[in-house]
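The values are calculated or read from the model by the stated rules, or taken from the named source; none is laboratory data. Everything numeric here is computed off the predicted structure, so don't read it as measured data. With ideal geometry, Cβ positions are generated from the backbone for all residues, glycine too; neighbour counts draw on all protein chains shown. Protein only, heavy atoms only, side chains kept; ligands, DNA and RNA dropped before computing areas. Shrake-Rupley method; radii C 1.70, N 1.55, O 1.52, S 1.80 Å.
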Amino acid sequence: MIITLLLLIIPWIGLTTSQIPNPMRYQVSFEGGSHYAVDKIRWRLSSKICSSHETLSSGCSFQEIYVPNEGRTYNFQLTTANPCIVNRGAFLKYIDIWPGIVDKYGGENKTYDKVIFDNDCDGPCLTWFTQHNETIYTFMNYQSRLYIRQADSRPIKTTSTIYDLKTGQLFSQTENKITYWSLDEIPDSKFKFPIDTKKCYFA
Ligand SMILES: *[C@@H]1O[C@H](CO)[C@@H](O)[C@H](O)[C@H]1NC(C)=O
Ligand SMILES: *[C@@H]1O[C@H](CO)[C@@H](O)[C@H](O)[C@H]1NC(C)=O
């Protein structure tokens with residue numbers, strides 16, 4: 001009985017975790033201080049960019065909220081003379097950040113490139129790899145890798161490595177860790193305007 005269940009479950013796990021998750025609803029934060037709350041089921045989208053001395057709970061000076069039933073994007077820049085500017089239309093790729101990352105690594109139907117054991121993954125991560133050469137202004141090879149934890153499909157980080165194409169030497173190596181990821185229902189508070197919209201300039 002248990003074996004039958006495992007036989008049924010294992011292929012299903014393999015199928016669902018061999019691709020990059022591309023959910024309709026997600027919250028993601030990156031270690032640099034950007035936070036995104038995207039719900040394409042109920043169509044509510046918000047992004048917050050915090051500077052290094054700000055935290056999500058104390059408020060972030062830069063925030064964008066797309067309000068679909070108004071067809072408008074509210075841009076809050078709380079520390080400037082124009083703290084709120086409202087534009088017509090959607091600037092979705094800045095707020096709905098994840099599909100752009102999925103595309104960069106080959107799209108949601110691309111099977112992972114290889115399994116890597118990494119401390120940040122607490123075990124195996126499925127990884128997707130992409131590279132390109134820049135030969136016009138510089139002469140460099142750019143490599144990036146996306147890490148998704150195999151056990152629960154949680155995105156862990158992206159890494160970028162740049163090599164000098166002439167010498168083959170490592171030029172730089174950076175990591176961008178994903179500090180928060182959730183597919184749960186997003187609380188209304190995430191989509192609340194940070195200031196009274198009477199202060200907004202409607203462009
Ligand atoms: C991925 O595959 C599914 C199922 O075959 C398909 O419905 C979907 O359109 C594909 N997505 C892309 C981006 O090709
Ligand atoms: C970049 O250039 C290197 C060295 O010429 C080559 O081996 C590699 O395949 C190139 N990569 C791409 C994506 O064109």
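Summary of values
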| item | result |
| --- | --- |
| Set LYS104/LYS199; LYS48/LYS166; LYS110/LYS192; LYS177/LYS198; LYS104/LYS198; LYS48/LYS198 screened for pairs whose C-alpha atoms are more than 31 Å apart | LYS104/LYS199; LYS48/LYS166; LYS110/LYS192; LYS177/LYS198; LYS104/LYS198 |
| The chain, accessible surface, carbon-and-sulfur percent (1.4 angstrom probe) | 55 |
| Those trypsin sites (Lys or Arg not before Pro) in segment 15-81 that DSSP places in a loop and that have at most 14 other beta carbons within 10 Å | ARG42 |
| Options PRO23, GLN150, THR80, ranked by Cα towards positive dipole end of the chain, top entry (Cβ charges) | THR80 |
| Gain upon complete extension [PHE139, LEU165; 0.36 nm per residue less C-alpha separation] | 8.8 nm |
| Length added when fully stretched, ARG25-ALA90, from 0.36 nm per residue minus Cα-Cα | 21.7 nm |
| Taking segment 99-182 and dividing mean pair separation by its residue count, relative contact order in percent (alpha carbons under 8 Å, at least six apart) | 19 |
| Translational diffusion coefficient (Stokes-Einstein; Kirkwood radius from C-alpha pairs) of the chain at 10 °C, 1.306 mPa s, in µm²/s | 83 |
| ILE20 long-range amide H proximity, modeled H, under 5 Å | LYS110 |
| Net charge contributed by nearby residues that have their C-beta within less than 14 Å of TYR142 (K/R +1, D/E -1) | 0 |
| Within straight-line cross-link reach of LYS157, aspartates and glutamates at Cα separation under 13 Å, skipping those fewer than 8 residues along the same chain | GLU31, ASP118, ASP120, ASP122, GLU175 |
| Potential extension, ASP184-ASP122 segment - 0.36 nm per residue separation minus Cα distance | 20.1 nm |
| Rounded tilt (10° steps) of 2-17 against the dominant C-alpha axis of the chain | 60 |
